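Notes follow the structure.
The values are calculated or read from the model by the stated rules, or taken from the named source; none is laboratory data. If you're wondering where the values come from, they're calculated on a predicted model, not measured in any experiment. Cβ coordinates were reconstructed from backbone atoms using ideal geometry, including for glycine residues, and neighbour counts include every protein chain displayed.
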Amino acid sequence: MGRRYPHPPLIEAVCEFRLAQDSSWDLTIPGLVYEKIKNEFPHREQRLMQDMEISRTQEGLQQQVRTSERVLFFTKDRGMFVQLGPRLLAINCLKPYPTWAGFKQNIGKAFKALTDIVEVKGLQRIGLRYINLIEMPSSLVRLEDYFEFYLFLGPRLSQNMAHFIAGCEFQYAIDRDRCRVQLTPAPSASSGHPTLNLDIDYFLAKPRGVEVESAIDWVEEAHNRVEEVFEGCITDRLRELFQEVKENASGESAG
Amino acid sequence: MPQVRVQGEAPQERGSWEVSQEMLPFAQEEDKPPFWIQRILQFRGSKIPSDLLPNLGAEIVTAVEGEGISRVSLHEPIDLTGEVQNAMVEIQNMGVRITKPNEVFDYLLRFSGITDVTVEIAGSAHQRLPEAQLLLEVYRDPEVEDEYLALYARFREYDESVMDKIKAIRRGHSERLVGKEGWLLFTTDFQPAE
């Protein structure tokens, strides 16, 4: 079990499944899935999405913008929702995070509802993404005091960054999976102190690298990796800001 | 309207893509590109390793190599955080004051269906009421358990035309709020502009 924080920085977690192109899809599927999950996700909304495709052919570059419909099913408190679009299922969880067990239960339910209706021939991509918004305790901070994942600047460079992107992709499972980590500035918080996005996206980099039946096990494994990466990115000083609950030797919470 | 053009070496050669911009019709003349394409456009003129393209905001990039063909697919992101953060930056860049950004962020995250229209109303107010000071906050009704976004226009002097001007802007966008969860009220609190 991972560390526990009464004030976690997590603002959104997303689990997504993109089905391979040979899986059939039609416009009735969102409605059929809704019938199976409407007790947990009763509120429906629709949005139009734009996807873009750029092709380089012998005639030159061609660009195409396609509009597709995405249906969203929200829980009563709107803290969690399911998105369904062409060959896409995503389950989003907003803060306050209901624990991994609570989130995973809904991931499993939504995925089962989809696979009961659609013959999923393969998974192009699975992703588990955790977006953290971290507000610094003062106006001027040294990133290295709070992070073990940051941009290193040599002493001959100005230390006053107006903007930055620190990003990296880590390999897992012999490069079947990857974890993309990014640290970027976010819009300022109410306090006026700098705020940072720590975005951890663990995904299946090899299309069809996981069998459909093993997808939920993959998600569990992905969650373990995301936790490891998160803990690897931060220092104890930041853990103090999240007010980590320490456990004593008998495993009981001590604070 | 601008359109993204990404060009360069084929991605599987681990080459770089040059992001440039051309003035071509996007979806419709009056449309602007979605925020995630705008984010890519910020890098116009830059050469970006193909592996890092997804980090610029597109949710997924798939590249397919055939007989002399490279194809890149960019999908709209599935998280709400990026969309809401970009909207807030856009609103603040219009000069709208957000005194408690955490509260506005939390509200838009929960009622993300009104994010677009919030930007649009702020944009109209900014354009059509250049003399006004604009403030965006979450209003909590103390008598009933209700909260909504309030965009206030404050003026140095108030006359009879103020509410007419505000109502004219409201009318232009009111339909876009119908049927949405969450609410935005554009009004004035008759406080003097600073």
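Looking at region A:224-247 only, could you name the residues that are in contact with a Gly (Cβ under 9 Å, 6 or more places away or on another chain) and more than 17 Å from A:H7 (Cα to Cα)? Once the filter is applied, which keeps residues that are in contact with a Gly (Cβ under 9 Å, 6 or more places away or on another chain) and more than 17 Å from A:H7 (Cα to Cα), region A:224-247 yields A:N224, A:E228. Go through region B:142-194 and report how many residues are among the aliphatic types (A, V, I, L, M) and in a loop (DSSP other than H, G, I, E, B). Number satisfying all stated conditions: 3. Of all the numbered requirements in (1) within 23 Å of B:P101 (Cα to Cα); (2) within 16 Å of the chain's Cα centre (by Cα), A:E135 misses one, and that requirement is (2). Under the condition of being within 12 Å of the chain's Cα centre (by Cα) and free of Cβ contacts under 8 Å to residues at least 24 places away in the same chain, the residues counted in region B:93-138 number 1.
In region B:78-94, the residue that is surrounded by the fewest Cβ atoms within 10 Å (Cβ to Cβ) out of those that are over 14 Å from A:P185 (Cα atoms) and among the β-branched types (V, I, T) is B:I78. Screening A:Q243 on (1) on the phi > 0 side of the Ramachandran plot; (2) surrounded by 15 or more Cβ atoms within 10 Å (Cβ to Cβ) shows it passes everything except condition (2). Could you tell me which residue of region A:166-223 is farthest from the chain's Cα centre (by Cα), considering only residues that are surrounded by fewer than 17 Cβ atoms within 10 Å (Cβ to Cβ) and among the polar types (S, T, N, Q)? Looking at the filtered set, the residue picked out is A:S191. Out of the residues in region A:83-109 meeting the condition of being buried (at least 22 other Cβ atoms within 10 Å of the Cβ) and within 13 Å of A:V219 (Cα to Cα), tell me which one is nearest to the other protein chains (Cβ to nearest Cβ). Among those residues, the one meeting the criterion is A:A90.
Sort through A:E244, A:E213, A:E227, A:E220 and tell me the only one that's out of contact with any Cys (no Cβ under 6 Å at 6 or more places or on another chain) and closer than 17 Å to A:I11 by Cβ.
On the way: A:E244 fails: closer than 17 Å to A:I11 by Cβ; A:E213 fails: closer than 17 Å to A:I11 by Cβ; A:E220 fails: closer than 17 Å to A:I11 by Cβ.
After ruling out the rest, the residue left standing is A:E227.
Taken over region B:96-122, residues that are surrounded by fewer than 19 Cβ atoms within 10 Å (Cβ to Cβ), part of a helix (DSSP H, G or I), at the interface with chain A (Cβ under 10 Å from one of its Cβ atoms) and β-branched (V, I, T) amount to 0. Note on region B:125-180: residues that are of a type in the set (D, E), in contact with an Asp or Glu (Cβ under 8 Å, 6 or more places away or on another chain) and either under 15 Å from B:Q191 (Cβ atoms) or within 14 Å of chain A (Cβ to nearest Cβ) (or both) amount to 2.
Being over 18 Å from A:L238 (Cα atoms) and within 12 Å of chain B (Cβ to nearest Cβ), is that true of even one residue in region A:141-162? Taking every residue of region A:141-162 in turn, none turns out to be over 18 Å from A:L238 (Cα atoms) and within 12 Å of chain B (Cβ to nearest Cβ).
Filtering region B:67-81 to residues that are modelled with pLDDT of 85 or more and either more than 9 Å from every other protein chain (Cβ to nearest Cβ) or not in a loop (DSSP other than H, G, I, E, B) (or both) leaves only B:T81. Checked against the criteria, B:Y148 counts as surrounded by fewer than 17 Cβ atoms within 10 Å (Cβ to Cβ) and within 30 Å of A:R70 (Cβ to Cβ).
Within region B:151-173, at least one residue is within 19 Å of A:A189 (Cα to Cα) and touching a residue at least 12 places away in the same chain (Cβ under 8 Å).
Please tell me if A:L238 is over 19 Å from the mean Cα position of the chain (by Cα), over 15 Å from A:C15 (Cα atoms) and either surrounded by 17 or more Cβ atoms within 10 Å (Cβ to Cβ) or among the acidic types (D, E) (or both). Steps first, please.
Numbers: over 19 Å from the mean Cα position of the chain (by Cα): yes; over 15 Å from A:C15 (Cα atoms): yes; either surrounded by 17 or more Cβ atoms within 10 Å (Cβ to Cβ) or among the acidic types (D, E) (or both): yes.
Yes: the conditions hold for A:L238.
Selection over region B:82-95 of residues that are over 19 Å from A:H193 (Cα atoms) and either touching a His at 6+ places or on another chain (Cβ under 8 Å) or at the interface with chain A (Cβ under 7 Å from one of its Cβ atoms) (or both) gives a count of 2.
With the condition kept exactly as written, say whether any residue in region A:67-77 is under 30 Å from A:I134 (Cα atoms), more than 12 Å from chain B (Cβ to nearest Cβ) and modelled with pLDDT of 90 or more. Yes, region A:67-77 contains at least one residue that is under 30 Å from A:I134 (Cα atoms), more than 12 Å from chain B (Cβ to nearest Cβ) and modelled with pLDDT of 90 or more.
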